[in-house]
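The structure appears right after this line, and notes come after that.
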Amino acid sequence: MELAEVIAREIRSSGPLPFGRFMEMALYHPTLGYYTGGRQPFGKEGDFYTNAQLQPVFGRLVAQQLDRWRQQLGGSDRFTVLELGAGRGETGAEVRRCMPDIEWIPKEHGDRWPRRPMTGVVLCNEFFDALPVDVVERRDGNWVEWRVGQSRGRFTWERTGTRRDRQGLPRIGEGQRIETCDRQIEAIQRIGSILERGWVLVIDYGYTRDELARRERFPEGSLMGYSAHRADPDVLLEPGRRDITAHVNFSALEDAARSAGLDVLPLRTQQAFLLEAGEDDEFSYALAAGTRHRRTELRMQLKSLLLGLGETFRVLVMRKR
Ligand SMILES: C[S@@+](CC[C@H](N)C(=O)[O-])C[C@H]1O[C@@H](n2cnc3c(N)ncnc32)[C@H](O)[C@@H]1O
């Protein structure tokens, strides 16, 4: 059966679905979801590249920063890297190459959280933007929810009268929409309870609460679909065949982190983070290669990570002492 039909049946029996439920099925339905249905979303043949796939420069620089943090803990033997949403594991491979003696735990969708407390780093590269979000709108001073219904064989947006209490959302204008993500908050709470000592490194595209609230930039929220390297704002089309993402609300993550007992460092661009990661050895580890041709390729990757993606992606570092 097609995923669209599975979703349509659920709408017929339960009524319009919260968008988070639609997105959960579209991306992670056990057999038909975008990430779980056996297709290859990443790379040239897929729908998009992540930072990590501009390898190995990205992974090497992240690894260098993680190693520096390990030194700050006195070169601790028991240093664990828990990678949330590890995907194909490119970053993890570089981290283990740089620090072979660490414990690396990749956690993908559906995997259990580790049970024992850890010292080290929780690494979240393009993880938070892949978590399902709900959609609310500011209406008559309240928040009402947009859900997914269907009409004439198509999925449609339906504004419900359901009022939602949404503490911590930005002061957006009347009629403006925004995404909310309880799963992001839950993930930060989990991280806060598992991490005994160490750092949390979040790399993602997203904005602060004030930036998200700017009507002219996101009048209908920041949801976007991706297919064959093209962006399409119609996220209700072809569930299971396209990626769906929403910008990360970094202010909401910061609030959740403070409540979970984490110190929050100032939000930076990926460019600033990577420049600092490679500054000690002037990028010689990140750009090391056997041939001149390969070194040129690596320099091009670095340029793209610093200049193209470097301004768009942000880095949030949190710390547990
Ligand atoms: C955009 S991909 C990024 C993959 C990888 N980090 C990279 O940068 O190439 C998002 C990943 O998060 C995973 N994911 C989604 N929900 C998750 C969850 N609740 N726990 C762990 N991983 C999850 C997805 O399966 C997917 O592999």
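Values in this text are rule-based calculations from the coordinates and carry no lab data. Predicted, not measured: the structure shown is a model, and the values here were computed from it. Cβ placement follows ideal geometry from the backbone for every residue including glycine, while neighbour counts extend to all protein chains displayed.
Sequence gap at least 6, Cα distance under 8 Å: using those rules, report the relative contact order of the chain to the nearest whole percent. Once normalised by length, the contact order is 21 percent.
Please give the contour-minus-distance gain from Arg197 to Asp140: 0.36 nm per residue of separation, less the Cα-Cα distance, rounded to one decimal in nm. Don't skip to the end; give the middle numbers.
Working: separation 57, 0.36 × 57 = 20.52 nm, distance 4.51 nm.
Residue separation times 0.36 nm, minus the Cα-Cα distance, leaves 16.0 nm.
Once the Cα atoms of helix 250-259 and of the chain are each reduced to a long axis, what angle between those two axes, in degrees from 0 to 90 to the nearest 10, is obtained? On a 0 to 90 degree scale, this one is about 80. The angle separating the long axis of helix 3-14 from the principal Cα axis of greatest extent in the chain is about 50 degrees. With semi-axes defined as the square roots of five times the eigenvalues of the C-alpha gyration tensor, the equivalent ellipsoid of segment 140-227 measures 28, 17, 15 Å, largest first.
Per-peptide packing, taken as the mean over residues of other Cβ atoms within 10 Å, places 78-84, 119-125 in the sequence 119-125, 78-84 from highest down.
Considering only Cα atoms, the convex hull volume of the chain works out to 142 Å³ per residue.
Helix-only arithmetic for the chain: the sum of -39500 (n - 2.57) across DSSP H runs with n ≥ 4, divided by the residue total, places the mean residue ellipticity at 222 nm at -9000 deg cm²/dmol. Bridge orientation summary for segment 85-198: considering DSSP beta bridges with both residues in this region, about 85 percent are antiparallel.
Of Val248, Val136, the sequence from fewest to most neighbouring Cβ atoms within 10 angstrom is Val136, Val248. Could you check how many percent of all C-alpha pairs in segment 1-160 are farther apart than 27 Å? Cα-Cα pairs in segment 1-160 separated by more than 27 Å: 43 percent. When the Cα atoms of segment 176-321 are enclosed in a convex hull and the volume is divided per residue, what value in Å³ results? With only Cα atoms used, segment 176-321 gives 164 Å³ per residue. Sparsely packed loop sites in segment 170-204 (the trypsin sites (Lys or Arg not before Pro) outside DSSP H, G, I, E and B with at most 13 other Cβ atoms within 10 Å) comprise Arg171.
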